[in-house]
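A short worksheet on the structure shown next.
The values are calculated or read from the model by the stated rules, or taken from the named source; none is laboratory data. A quick note: this is a predicted structure, and the numbers were derived from the prediction, not measured. No Cβ is skipped: glycine too gets one built from the backbone with ideal geometry, and neighbour counts run over all protein chains shown. Note: accessible area is taken over every heavy atom of the protein model, side chains too, but ligands, DNA and RNA are not part of it. Shrake-Rupley method; radii C 1.70, N 1.55, O 1.52, S 1.80 Å.
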Amino acid sequence: MEALDALLNRVSIPRLEAPAPSAEQREILFQAALRAPDHGQLRPWRFLTVEGERREQLGEVLAEAVALKGGEANPAALDKARAMPLRAPLVVVVIARLQEHPKVPKHEQLQAAACAAHGILLAAYAQGIGAVWRTGELGYTEHVAKALGLGEGEELIAFLYLGTPMKATRVPEPLPTADFVQAW
Ligand SMILES: Cc1cc2nc3c(=O)[nH]c(=O)nc-3n(C[C@H](O)[C@H](O)[C@H](O)COP(=O)(O)O)c2cc1C
């Protein structure tokens, strides 16, 4: 696939099924992530893959996070959280690793990690793999961070859902460039 095709036409694909990306495809996904622009070459990211039965365990963790919030912890909300990771055969957790640095503020490190996540989405699209970035508010909770083993200075920034598209991929309508670009 041409690079510009992926850049211009990537879309989120929410309906995903098995098979998950192969080992060769994953290597390309993560290599693309590692080419993100990265001030100071800090590599301020790491990734966790969650698949198979581990997705059910992640669902349990998400349900616990709902329960800990109190208020809306009704059975339907718990079931919904439990089912979330089952929406794709592979979930990639993107974790930003933020450190104090004399020249690279933490927000730049966070942006670099987000670019890495975008690299995965683009490389997925280019390989015909369906992908969608769905973090959700539970992903930002302390409970989920602890269960996934995040350490000091680490922040979960994405749950990327990846798999085989269940439907034909839509072609996005381009937005008008002039709405977003002005000469200064
Ligand atoms: C940081 C971030 C978090 C997101 N979290 C969610 C989410 O939790 N649920 C969701 O439906 N979409 C979420 N999205 C948006 C989708 O990934 C997607 O980009 C959006 O639905 C637009 O579709 P498109 O990518 O095909 O243009 C998130 C996007 C970003 C950048």
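Annotation note: GluC sites (Glu not before Pro) in the stretch 99-184 located in DSSP loop regions with a Cβ neighbour count of at most 10 within 10 Å are Glu100, Glu152. Starting from the Cα gyration tensor of the chain, take the square roots of the eigenvalues, sort them a ≥ b ≥ c, and report rounded, prolate or oblate (rounded when a/c is under 1.5, otherwise prolate if a/b is larger than b/c, else oblate). Note, shape of the chain comes out oblate.
Within the chain, helices built from complete DSSP H runs that reach 20 Å or longer along their own axis (Cα positions) and carry a mean Kyte-Doolittle hydropathy of 0.0 or higher are 106-126. Using a probe of 1.4 Å on the protein chains alone, the accessible area found for Met166 is around 110 Å². For the cross-link pairs Lys69/Lys103; Lys69/Lys167; Lys69/Lys146, the ones whose C-alpha atoms lie over 26 Å apart are Lys69/Lys103; Lys69/Lys167.
Accessible surface comparison of Arg170, Arg55, Arg35, probe 1.4 Å, protein chains only, largest first: the order is Arg35, Arg170, Arg55.
I need the shape label for the stretch 25-133. Rule: rounded when a/c is under 1.5, else prolate if a/b > b/c, else oblate, with a, b, c from the alpha carbon gyration tensor. Oblate.
Averaged over its residues, the stretch 1-84 has an accessible area of 62 Å² per residue, based on protein heavy atoms and a 1.4 Å probe. A simple count of charges around Pro21, restricted to other residues whose Cβ falls under 13 Å of its Cβ and scoring Lys, Arg +1 and Asp, Glu -1, yields -3. Taking K and R as +1 and D and E as -1, what net charge do the other residues with C-beta under 13 Å from the C-beta of Ala96 add up to? Net charge around Ala96: -1.
The heavy atoms of His107 offer some 110 square angstrom of accessible surface to a 1.4 angstrom probe.
Per-residue ellipticity at 222 nm, computed for the chain from helices alone with -39500 (n - 2.57) per DSSP H run of at least four residues, works out to -11500 deg cm²/dmol.
Each residue was assigned an accessible area with a 1.4 Å probe, and for Phe30 the value is about 50 Å². Relative to the Cα centre, the charge distribution of the stretch 32-72, modelled as +1 at Lys and Arg Cβ and -1 at Asp and Glu Cβ, gives a dipole magnitude of about 340 debye. In this Cβ point-charge picture (+1 for Lys and Arg, -1 for Asp and Glu), the chain has a dipole of about 120 debye about its Cα centre.
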